[in-house]
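See structure below.
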Amino acid sequence: MIHCKHLSGDEWLVTVNSNGVTEHRVRVTAADLEHFAEGQSADQLLQESFRFLLEREPNTSILS
């Protein structure tokens, strides 16, 4: 399970519950959204990005 919580400004906390629980502080700027996910929200970009990562490695290998 992937849970994204907006902290403030461009900062997000992504919690992944798979092979234990991990937390990841992520920054998503307006430029990031325009470049990588035009028309999507930061939450959608983070969800999709973490799904991509989890297909390739366990959550415990993703940098915090």
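Computed values, structure above
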read-out: Accessible area of the chain belonging to carbon and sulfur atoms, whole % at 1.4 Å probe; value: 50
read-out: At most 15 other Cβ within 10 Å, DSSP loop - GluC sites (Glu not before Pro), region 3-64; value: 38, 55
read-out: Residue among 1, 31, 53 farthest towards the positive dipole end of the chain, charges placed on Cβ; value: 1
read-out: Among (1) 22, 55, 22, 1; (2) 20, 42, 28, 10, 1; (3) 19, 36, 25, 14, 5, 0, the entry that matches P(r) over Cα pairs in 10 Å bins from 0, in percent as calculated here; value: (1)
read-out: Within-11-Å neighbourhood charge of residue 5 [Cβ basis; K, R +1; D, E -1]; value: -2
read-out: Gain on full stretching of the segment that runs from residue 29 to residue 54 - 0.36 nm per residue minus C-alpha separation; value: 6.8 nm
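The values are calculated or read from the model by the stated rules, or taken from the named source; none is laboratory data. Note that the coordinates shown come from a computational prediction; the quantities given were computed from them, not determined experimentally. Note: ideal-geometry Cβ built from the backbone for every residue, glycine included; neighbour counts use all protein chains shown. The accessibility values were calculated without ligands, DNA or RNA, using every heavy atom of the protein model including side chains. Shrake-Rupley method; radii C 1.70, N 1.55, O 1.52, S 1.80 Å.
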